[in-house]
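Notes follow the structure.
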Amino acid sequence: MSNDTSKGPEDLTVMSREPLIAGTPLGSMKDLETPAANFFVRNHFPIPRLESSAWSLKVTGEVERPFSLGLDALKEMPRREVLVLMECAGNSRGSVQPPIEGLLWDNGAVGTARWTGVPLRSVLEYAGLLDSAVEVLLEGADRGNQQGTTGEMGYSMSLPMDKALHPDTLLAYDMNGESLSPEHGYPLRAVVPGWFGMTAVKWLTGIQVLSQPFWGFHQNDYYVYIGEGYDNGSPKERVTYLQVKSLVTWPGRGRILTTGRHEIRGMAWSGQGPVTKVEVSTDNGRTWQPANLEDSESPYAWRQWTSCWDVSQPGYFLIRARATDQMGKVQPVQAQWNYRGFANNSIHAVPVEVRASG
Ligand SMILES: Nc1nc2c(c(=O)[nH]1)N[C@H]1C(S)=C(S)[C@@H](COP(=O)(O)O)O[C@H]1N2
Ligand SMILES: [Mo]
(Lines give C-alpha, C1' and ligand atoms only; values in the text may rest on other atoms or scores of the structure.)
(Ligands and ions follow the chains in the order given, each with its own letter.)
Protein backbone atom coordinates (compact mmCIF):
# COMPACT_ATOMS: atom_id res chain seq x y z
CA MET A 1 0.00 0.00 0.00
CA SER A 2 1.44 3.38 -0.89
CA ASN A 3 2.03 5.90 1.84
CA ASP A 4 -0.43 8.38 0.43
CA THR A 5 -3.53 6.24 0.90
CA SER A 6 -2.50 4.42 4.06
CA LYS A 7 -4.51 4.49 7.26
CA GLY A 8 -3.32 7.22 9.58
CA PRO A 9 -2.43 6.42 13.13
CA GLU A 10 -5.96 7.21 14.23
CA ASP A 11 -8.22 5.42 11.79
CA LEU A 12 -8.30 8.13 9.16
CA THR A 13 -7.50 7.53 5.51
CA VAL A 14 -4.72 9.98 4.72
CA MET A 15 -4.87 11.55 1.25
CA SER A 16 -2.15 14.12 1.81
CA ARG A 17 0.25 14.69 4.70
CA GLU A 18 1.24 18.30 3.93
CA PRO A 19 -1.17 19.91 4.00
CA LEU A 20 -2.95 17.26 6.07
CA ILE A 21 -6.06 15.93 4.34
CA ALA A 22 -7.63 12.78 5.76
CA GLY A 23 -11.05 11.14 5.65
CA THR A 24 -13.16 9.00 7.96
CA PRO A 25 -13.71 5.43 6.70
CA LEU A 26 -17.45 4.87 6.04
CA GLY A 27 -17.53 1.79 8.26
CA SER A 28 -16.49 3.82 11.29
CA MET A 29 -19.35 6.35 10.95
CA LYS A 30 -21.38 4.59 13.63
CA ASP A 31 -21.98 7.16 16.32
CA LEU A 32 -23.90 10.37 16.58
CA GLU A 33 -20.68 12.03 17.76
CA THR A 34 -17.56 11.40 15.70
CA PRO A 35 -14.53 11.14 18.01
CA ALA A 36 -11.96 13.87 17.27
CA ALA A 37 -9.29 11.29 16.36
CA ASN A 38 -11.71 9.90 13.77
CA PHE A 39 -12.98 13.21 12.43
CA PHE A 40 -11.90 14.09 8.87
CA VAL A 41 -9.28 16.81 8.41
CA ARG A 42 -9.23 19.25 5.51
CA ASN A 43 -6.36 21.73 5.55
CA HIS A 44 -5.18 23.99 2.74
CA PHE A 45 -1.89 24.92 4.40
CA PRO A 46 0.43 23.57 7.11
CA ILE A 47 -1.05 23.56 10.63
CA PRO A 48 -0.01 26.70 12.53
CA ARG A 49 1.19 25.68 15.99
CA LEU A 50 -0.45 28.25 18.26
CA GLU A 51 0.32 28.61 21.99
CA SER A 52 -2.63 29.70 24.09
CA SER A 53 -0.39 32.00 26.17
CA ALA A 54 0.63 34.01 23.10
CA TRP A 55 -2.72 33.78 21.34
CA SER A 56 -5.45 36.38 21.20
CA LEU A 57 -8.52 37.08 19.12
CA LYS A 58 -8.60 40.56 17.61
CA VAL A 59 -11.99 42.10 16.88
CA THR A 60 -11.67 45.09 14.54
CA GLY A 61 -13.41 47.01 11.75
CA GLU A 62 -16.89 48.51 11.86
CA VAL A 63 -17.31 48.34 15.64
CA GLU A 64 -17.58 50.91 18.42
CA ARG A 65 -14.92 49.26 20.58
CA PRO A 66 -12.22 47.21 18.82
CA PHE A 67 -10.68 44.84 21.34
CA SER A 68 -8.57 41.78 21.73
CA LEU A 69 -9.31 38.87 23.99
CA GLY A 70 -7.35 35.91 25.38
CA LEU A 71 -8.57 32.34 25.64
CA ASP A 72 -9.29 32.50 29.37
CA ALA A 73 -11.42 35.64 28.97
CA LEU A 74 -13.32 34.00 26.12
CA LYS A 75 -13.99 30.93 28.26
CA GLU A 76 -15.47 33.17 30.96
CA MET A 77 -18.16 34.43 28.60
CA PRO A 78 -21.53 32.57 28.57
CA ARG A 79 -20.95 29.35 26.68
CA ARG A 80 -23.10 27.47 24.24
CA GLU A 81 -22.91 23.84 23.18
CA VAL A 82 -24.34 22.56 19.87
CA LEU A 83 -24.17 19.22 18.09
CA VAL A 84 -23.29 20.13 14.50
CA LEU A 85 -22.42 18.13 11.41
CA MET A 86 -19.56 19.31 9.24
CA GLU A 87 -19.12 18.22 5.65
CA CYS A 88 -16.49 19.37 3.19
CA ALA A 89 -18.05 20.76 0.00
CA GLY A 90 -15.76 18.42 -1.96
CA ASN A 91 -17.02 15.29 -0.18
CA SER A 92 -18.05 12.45 -2.55
CA ARG A 93 -16.34 14.25 -5.41
CA GLY A 94 -14.52 11.08 -6.47
CA SER A 95 -17.73 9.69 -7.96
CA VAL A 96 -18.77 12.78 -9.95
CA GLN A 97 -19.27 12.05 -13.66
CA PRO A 98 -17.76 13.31 -15.88
CA PRO A 99 -14.73 13.47 -13.55
CA ILE A 100 -13.75 16.84 -12.18
CA GLU A 101 -10.60 18.44 -10.98
CA GLY A 102 -9.68 18.56 -7.31
CA LEU A 103 -9.13 16.28 -4.40
CA LEU A 104 -10.88 12.98 -5.12
CA TRP A 105 -12.66 12.46 -1.80
CA ASP A 106 -14.70 9.30 -1.49
CA ASN A 107 -17.35 9.85 1.20
CA GLY A 108 -15.17 10.38 4.24
CA ALA A 109 -15.20 14.18 4.55
CA VAL A 110 -18.14 14.36 6.95
CA GLY A 111 -18.62 14.03 10.71
CA THR A 112 -20.67 15.35 13.61
CA ALA A 113 -19.23 16.80 16.81
CA ARG A 114 -20.42 18.52 19.97
CA TRP A 115 -18.92 22.00 19.79
CA THR A 116 -18.66 24.29 22.80
CA GLY A 117 -17.81 27.95 22.64
CA VAL A 118 -19.15 31.46 22.59
CA PRO A 119 -21.70 32.65 20.05
CA LEU A 120 -19.98 34.93 17.52
CA ARG A 121 -22.96 37.20 18.19
CA SER A 122 -21.91 37.77 21.82
CA VAL A 123 -18.46 38.94 20.76
CA LEU A 124 -19.95 41.25 18.11
CA GLU A 125 -22.43 42.68 20.61
CA TYR A 126 -19.62 43.30 23.07
CA ALA A 127 -17.71 45.22 20.40
CA GLY A 128 -20.82 47.12 19.33
CA LEU A 129 -21.68 46.87 15.63
CA LEU A 130 -21.80 50.09 13.63
CA ASP A 131 -24.56 50.64 11.07
CA SER A 132 -21.97 50.32 8.31
CA ALA A 133 -21.42 46.60 9.06
CA VAL A 134 -22.29 44.36 6.10
CA GLU A 135 -20.21 41.19 6.62
CA VAL A 136 -18.04 39.57 9.25
CA LEU A 137 -14.66 38.23 8.17
CA LEU A 138 -13.18 35.22 9.98
CA GLU A 139 -9.40 35.10 9.68
CA GLY A 140 -7.26 31.99 10.26
CA ALA A 141 -3.59 32.00 11.23
CA ASP A 142 -2.50 29.47 8.58
CA ARG A 143 -0.63 30.63 5.51
CA GLY A 144 0.88 29.04 2.45
CA ASN A 145 0.98 28.69 -1.29
CA GLN A 146 -2.14 27.69 -3.15
CA GLN A 147 -1.72 25.61 -6.28
CA GLY A 148 -2.39 27.69 -9.37
CA THR A 149 -1.72 31.03 -7.69
CA THR A 150 1.47 32.89 -6.89
CA GLY A 151 2.70 34.11 -3.53
CA GLU A 152 1.62 33.25 -0.01
CA MET A 153 -1.91 33.70 1.19
CA GLY A 154 -3.95 33.09 4.33
CA TYR A 155 -7.34 31.50 4.89
CA SER A 156 -10.30 33.83 5.48
CA MET A 157 -14.04 33.56 4.92
CA SER A 158 -16.81 36.09 5.47
CA LEU A 159 -20.35 35.59 6.75
CA PRO A 160 -23.39 37.70 5.92
CA MET A 161 -24.77 39.51 9.01
CA ASP A 162 -27.73 37.16 9.52
CA LYS A 163 -25.45 34.12 9.67
CA ALA A 164 -22.87 35.93 11.83
CA LEU A 165 -25.57 36.98 14.30
CA HIS A 166 -27.33 33.61 14.46
CA PRO A 167 -27.13 32.39 18.08
CA ASP A 168 -25.85 28.96 16.98
CA THR A 169 -22.92 30.31 14.96
CA LEU A 170 -20.09 29.66 17.38
CA LEU A 171 -16.52 30.49 18.14
CA ALA A 172 -15.68 27.03 19.48
CA TYR A 173 -12.82 26.02 21.76
CA ASP A 174 -14.00 22.50 22.64
CA MET A 175 -14.88 19.54 20.44
CA ASN A 176 -16.70 16.62 22.12
CA GLY A 177 -15.85 18.02 25.54
CA GLU A 178 -12.10 18.42 24.96
CA SER A 179 -9.91 21.25 23.76
CA LEU A 180 -9.64 21.43 19.99
CA SER A 181 -6.69 19.47 18.66
CA PRO A 182 -4.13 21.29 16.47
CA GLU A 183 -5.62 19.58 13.36
CA HIS A 184 -9.10 20.88 14.13
CA GLY A 185 -8.14 24.48 14.82
CA TYR A 186 -6.66 24.90 18.31
CA PRO A 187 -7.30 27.13 20.16
CA LEU A 188 -10.41 28.55 18.43
CA ARG A 189 -12.45 27.89 15.32
CA ALA A 190 -15.76 28.95 13.83
CA VAL A 191 -18.71 26.55 13.59
CA VAL A 192 -21.40 27.56 11.10
CA PRO A 193 -24.39 25.16 11.38
CA GLY A 194 -26.03 24.15 8.12
CA TRP A 195 -23.21 25.32 5.88
CA PHE A 196 -20.48 23.29 4.26
CA GLY A 197 -17.19 23.17 6.17
CA MET A 198 -15.21 25.85 4.33
CA THR A 199 -16.53 28.73 6.47
CA ALA A 200 -15.74 26.92 9.74
CA VAL A 201 -12.43 28.80 9.88
CA LYS A 202 -9.82 27.12 12.11
CA TRP A 203 -6.97 28.72 14.09
CA LEU A 204 -9.01 31.91 14.34
CA THR A 205 -7.02 35.00 15.23
CA GLY A 206 -9.06 37.81 13.72
CA ILE A 207 -12.65 38.91 13.36
CA GLN A 208 -13.07 41.90 11.13
CA VAL A 209 -16.41 43.59 10.65
CA LEU A 210 -16.52 44.87 7.08
CA SER A 211 -18.31 47.78 5.43
CA GLN A 212 -17.85 46.22 1.97
CA PRO A 213 -18.41 42.65 0.80
CA PHE A 214 -15.22 40.61 1.13
CA TRP A 215 -13.38 39.20 -1.85
CA GLY A 216 -10.96 36.34 -1.20
CA PHE A 217 -9.49 33.50 -3.21
CA HIS A 218 -11.04 30.62 -1.26
CA GLN A 219 -14.43 32.26 -0.88
CA ASN A 220 -14.93 33.83 -4.28
CA ASP A 221 -12.71 31.91 -6.66
CA TYR A 222 -12.48 28.43 -5.17
CA TYR A 223 -15.59 27.48 -3.14
CA VAL A 224 -17.99 28.58 -5.88
CA TYR A 225 -20.31 26.84 -8.30
CA ILE A 226 -19.13 26.93 -11.90
CA GLY A 227 -20.97 25.10 -14.66
CA GLU A 228 -24.03 24.89 -16.85
CA GLY A 229 -27.18 25.88 -15.03
CA TYR A 230 -25.34 28.15 -12.63
CA ASP A 231 -25.15 31.86 -13.18
CA ASN A 232 -21.56 32.28 -14.22
CA GLY A 233 -21.54 35.99 -14.31
CA SER A 234 -19.52 37.87 -11.77
CA PRO A 235 -19.72 37.39 -8.79
CA LYS A 236 -19.93 33.59 -8.90
CA GLU A 237 -22.36 31.83 -6.60
CA ARG A 238 -20.75 30.85 -3.29
CA VAL A 239 -21.08 27.39 -1.85
CA THR A 240 -23.08 27.77 1.38
CA TYR A 241 -25.81 25.36 2.57
CA LEU A 242 -25.40 21.60 2.89
CA GLN A 243 -27.55 19.53 0.53
CA VAL A 244 -29.85 16.71 1.64
CA LYS A 245 -27.79 13.52 1.68
CA SER A 246 -27.46 10.00 3.04
CA LEU A 247 -24.69 7.43 3.06
CA VAL A 248 -24.84 3.67 3.44
CA THR A 249 -22.24 2.91 6.12
CA TRP A 250 -22.89 -0.86 6.30
CA PRO A 251 -22.46 -3.10 4.38
CA GLY A 252 -19.39 -1.67 2.68
CA ARG A 253 -18.68 -1.67 -1.02
CA GLY A 254 -17.90 -5.17 -2.34
CA ARG A 255 -19.03 -7.05 0.81
CA ILE A 256 -19.97 -10.68 0.34
CA LEU A 257 -23.11 -11.56 2.31
CA THR A 258 -25.11 -14.74 2.60
CA THR A 259 -28.83 -15.14 1.91
CA GLY A 260 -30.93 -14.29 4.93
CA ARG A 261 -31.64 -11.21 6.98
CA HIS A 262 -29.27 -8.24 7.19
CA GLU A 263 -29.40 -4.83 8.78
CA ILE A 264 -28.43 -2.03 6.42
CA ARG A 265 -27.16 1.05 8.26
CA GLY A 266 -26.34 4.63 7.41
CA MET A 267 -26.34 8.33 8.22
CA ALA A 268 -28.42 11.16 6.75
CA TRP A 269 -28.42 14.96 7.04
CA SER A 270 -29.35 18.24 5.37
CA GLY A 271 -28.57 21.94 5.70
CA GLN A 272 -31.88 23.75 5.93
CA GLY A 273 -33.80 21.62 8.41
CA PRO A 274 -33.35 18.02 9.48
CA VAL A 275 -33.85 14.88 7.42
CA THR A 276 -37.40 13.58 7.84
CA LYS A 277 -37.27 10.39 5.76
CA VAL A 278 -34.75 7.86 4.43
CA GLU A 279 -35.71 5.13 1.98
CA VAL A 280 -33.67 2.14 0.91
CA SER A 281 -33.76 0.26 -2.38
CA THR A 282 -32.06 -3.04 -3.18
CA ASP A 283 -33.71 -3.61 -6.57
CA ASN A 284 -32.19 -0.91 -8.75
CA GLY A 285 -34.53 1.75 -7.54
CA ARG A 286 -37.75 -0.04 -8.50
CA THR A 287 -39.07 -0.11 -4.94
CA TRP A 288 -38.12 1.88 -1.86
CA GLN A 289 -38.61 0.84 1.77
CA PRO A 290 -38.74 3.44 4.54
CA ALA A 291 -35.82 3.07 6.96
CA ASN A 292 -36.00 3.53 10.75
CA LEU A 293 -34.73 6.97 11.63
CA GLU A 294 -33.16 7.54 15.03
CA ASP A 295 -34.18 10.72 16.83
CA SER A 296 -32.05 13.73 16.18
CA GLU A 297 -31.01 15.59 19.28
CA SER A 298 -30.01 18.60 17.21
CA PRO A 299 -31.40 19.91 13.92
CA TYR A 300 -27.80 20.37 12.74
CA ALA A 301 -26.61 16.80 13.36
CA TRP A 302 -26.88 13.74 11.17
CA ARG A 303 -29.48 11.07 11.91
CA GLN A 304 -28.67 7.40 12.09
CA TRP A 305 -30.93 5.04 10.16
CA THR A 306 -31.33 1.28 9.77
CA SER A 307 -33.26 -0.91 7.40
CA CYS A 308 -33.91 -4.64 7.51
CA TRP A 309 -33.11 -6.55 4.30
CA ASP A 310 -34.42 -10.06 3.75
CA VAL A 311 -32.60 -11.49 0.77
CA SER A 312 -33.46 -14.99 -0.41
CA GLN A 313 -31.85 -15.04 -3.86
CA PRO A 314 -28.08 -15.03 -4.39
CA GLY A 315 -26.78 -12.41 -6.83
CA TYR A 316 -25.22 -8.97 -7.21
CA PHE A 317 -27.10 -6.07 -5.68
CA LEU A 318 -26.82 -2.31 -5.42
CA ILE A 319 -27.96 -0.92 -2.08
CA ARG A 320 -29.20 2.63 -2.40
CA ALA A 321 -30.37 5.13 0.22
CA ARG A 322 -32.36 8.30 -0.49
CA ALA A 323 -33.01 11.04 2.06
CA THR A 324 -35.74 13.70 2.17
CA ASP A 325 -35.54 16.79 4.39
CA GLN A 326 -38.01 19.04 6.17
CA MET A 327 -38.07 21.40 3.19
CA GLY A 328 -39.24 18.51 1.02
CA LYS A 329 -35.94 18.27 -0.82
CA VAL A 330 -35.11 14.77 -2.04
CA GLN A 331 -31.69 13.42 -2.96
CA PRO A 332 -31.29 13.24 -6.75
CA VAL A 333 -30.11 10.17 -8.69
CA GLN A 334 -27.54 12.46 -10.26
CA ALA A 335 -26.65 15.80 -8.69
CA GLN A 336 -26.22 18.77 -11.01
CA TRP A 337 -22.66 18.75 -12.32
CA ASN A 338 -20.34 21.64 -11.50
CA TYR A 339 -16.74 22.27 -12.42
CA ARG A 340 -15.28 21.46 -9.01
CA GLY A 341 -17.77 18.75 -8.13
CA PHE A 342 -18.98 20.53 -5.01
CA ALA A 343 -22.01 19.47 -2.99
CA ASN A 344 -22.36 16.08 -4.66
CA ASN A 345 -25.45 14.51 -3.11
CA SER A 346 -26.22 11.93 -5.81
CA ILE A 347 -27.85 8.85 -4.28
CA HIS A 348 -25.16 6.62 -2.77
CA ALA A 349 -25.14 3.13 -4.30
CA VAL A 350 -23.13 0.34 -2.71
CA PRO A 351 -22.50 -2.88 -4.68
CA VAL A 352 -22.60 -6.13 -2.69
CA GLU A 353 -22.67 -9.82 -3.56
CA VAL A 354 -25.06 -12.26 -1.92
CA ARG A 355 -24.17 -15.95 -1.88
CA ALA A 356 -26.33 -18.90 -0.89
CA SER A 357 -25.91 -19.69 2.79
CA GLY A 358 -24.80 -23.14 3.92
N1 LIG B 1 -7.90 28.32 8.76
C2 LIG B 1 -8.46 27.34 8.05
N3 LIG B 1 -9.72 26.98 8.32
C4 LIG B 1 -10.32 25.99 7.63
C5 LIG B 1 -9.66 25.32 6.58
C6 LIG B 1 -8.32 25.70 6.31
O7 LIG B 1 -7.65 25.15 5.44
N8 LIG B 1 -7.75 26.72 7.06
N9 LIG B 1 -10.33 24.37 5.86
C10 LIG B 1 -11.80 24.49 5.83
C11 LIG B 1 -12.48 23.38 5.19
S12 LIG B 1 -12.49 23.40 3.51
C13 LIG B 1 -13.18 22.45 5.90
S14 LIG B 1 -14.12 21.27 5.12
C15 LIG B 1 -13.16 22.42 7.38
C16 LIG B 1 -12.68 21.08 7.87
O17 LIG B 1 -12.61 21.06 9.27
P18 LIG B 1 -11.86 19.85 9.99
O19 LIG B 1 -10.50 19.70 9.39
O20 LIG B 1 -11.84 20.16 11.45
O21 LIG B 1 -12.69 18.62 9.70
O22 LIG B 1 -12.31 23.43 7.91
C23 LIG B 1 -12.35 24.68 7.23
N24 LIG B 1 -11.60 25.66 7.97
MO1 LIG C 1 -13.87 21.72 2.72
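Among the residues making up segment 192-228, a single one is within 21 Å of residue 125 (Cα to Cα) and either touching a helix residue (DSSP H, G or I) at 6+ places or on another chain (Cβ under 6 Å) or basic (Lys, Arg) (or both): 192.
When the residues of segment 104-159 are filtered to those that are more than 16 Å from ligand 2 (Cβ to nearest atom) and of a type in the set (Asp, Glu), the one that is nearest to residue 211 (Cα to Cα) is 135. Cβ-Cβ contacts under 9 Å between residues 6 or more apart (or on different chains), taken from a first residue in segment 243-270 that is at positive phi and part of a strand (DSSP E or B) to a second residue that is modelled with pLDDT under 95 and open to solvent by 50 Å² or more (accessible area, probe 1.4 Å), are listed as 260/357.
Each row is one residue, and each column tells you yes or no for (1) under 30 Å from residue 161 (Cβ atoms); (2) small (Gly, Ala, Ser).
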site	(1), (2)
21	no, no
36	no, yes
46	no, no
84	yes, no
87	yes, no
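Only residues that are in contact with a Lys or Arg (Cβ under 7 Å, 6 or more places away or on another chain) and more than 18 Å from residue 265 (Cβ to Cβ) were counted in segment 301-323, giving 1.
The residue that is surrounded by the most Cβ atoms within 10 Å (Cβ to Cβ), counting only those in segment 164-208 that are polar (S, T, N, Q) and away from ligand 1 (no atom under 13 Å from the Cβ), is 169. Considering each residue of segment 287-297 in turn, none proves to be on the phi > 0 side of the Ramachandran plot and over 17 Å from the mean Cα position of the chain (by Cα).
Go through segment 329-356 and report how many residues are farther than 26 Å from residue 223 by Cβ and either among the hydroxyl-bearing types (Ser, Thr, Tyr) or assigned to a loop (DSSP other than H, G, I, E, B) (or both).
Going through segment 329-356, the residues farther than 26 Å from residue 223 by Cβ turn out to be 349-356.
From what is left, the residues that are either among the hydroxyl-bearing types (Ser, Thr, Tyr) or assigned to a loop (DSSP other than H, G, I, E, B) (or both) are 356.
Final tally of qualifying residues: 1.
State yes or no: is residue 125 open to solvent by 30 Å² or more (accessible area, probe 1.4 Å) and either modelled with pLDDT under 95 or closer than 26 Å to residue 21 by Cα (or both)? So residue 125 does not fit the description; no.
Considering each of 312, 298 in turn, give the residue that is of a type outside the set (Phe, Trp, Tyr) and open to solvent by less than 20 Å² (accessible area, probe 1.4 Å).
On the way: 312 fails: open to solvent by less than 20 Å² (accessible area, probe 1.4 Å).
From the options 312, 298, the qualifying one is 298.
Identify, by number, the condition in (1) free of Cβ contacts under 8 Å to residues at least 60 places away in the same chain; (2) loosely packed, with under 15 Cβ neighbours inside 10 Å; (3) part of a strand (DSSP E or B) that residue 147 doesn't meet. Result: residue 147 passes all but (3).
Total residues in segment 18-33 satisfying the condition of being away from ligand 2 (no atom under 16 Å from the Cβ) and among the hydroxyl-bearing types (Ser, Thr, Tyr): the figure is 1.
Candidates are the residues of segment 17-38 that are within 13 Å of ligand 1 (Cβ to nearest atom) and touching a helix residue (DSSP H, G or I) at 6+ places or on another chain (Cβ under 7 Å); the one that is least open to solvent (accessible area, probe 1.4 Å) is 24.
If you go through segment 123-140 and keep only what is in a loop (DSSP other than H, G, I, E, B) and either β-branched (Val, Ile, Thr) or under 20 Å from the mean Cα position of the chain (by Cα) (or both), you end up with just 134.
From the list 89, 109, 113, the one residue that fits, being crowded, with 18+ Cβ neighbours inside 10 Å, in contact with a Cys (Cβ under 7 Å, 6 or more places away or on another chain), of a type outside the set (Phe, Trp, Tyr) and closer than 30 Å to residue 55 by Cβ, is 109. Within segment 221-229, the presence of at least one residue that is of a type outside the set (A, V, I, L, M, F, W, C), touching a strand residue (DSSP E or B) at 6+ places or on another chain (Cβ under 6 Å) and away from ligand 2 (no atom under 14 Å from the Cβ) is confirmed.
The values are calculated or read from the model by the stated rules, or taken from the named source; none is laboratory data. What you see is a predicted model; the values in this text were computed from it and never measured. With ideal geometry, Cβ positions are generated from the backbone for all residues, glycine too; neighbour counts draw on all protein chains shown. Side chains are part of the model used for accessible areas, which takes the heavy atoms of the whole protein and leaves out ligands, DNA and RNA. Shrake-Rupley method; radii C 1.70, N 1.55, O 1.52, S 1.80 Å.
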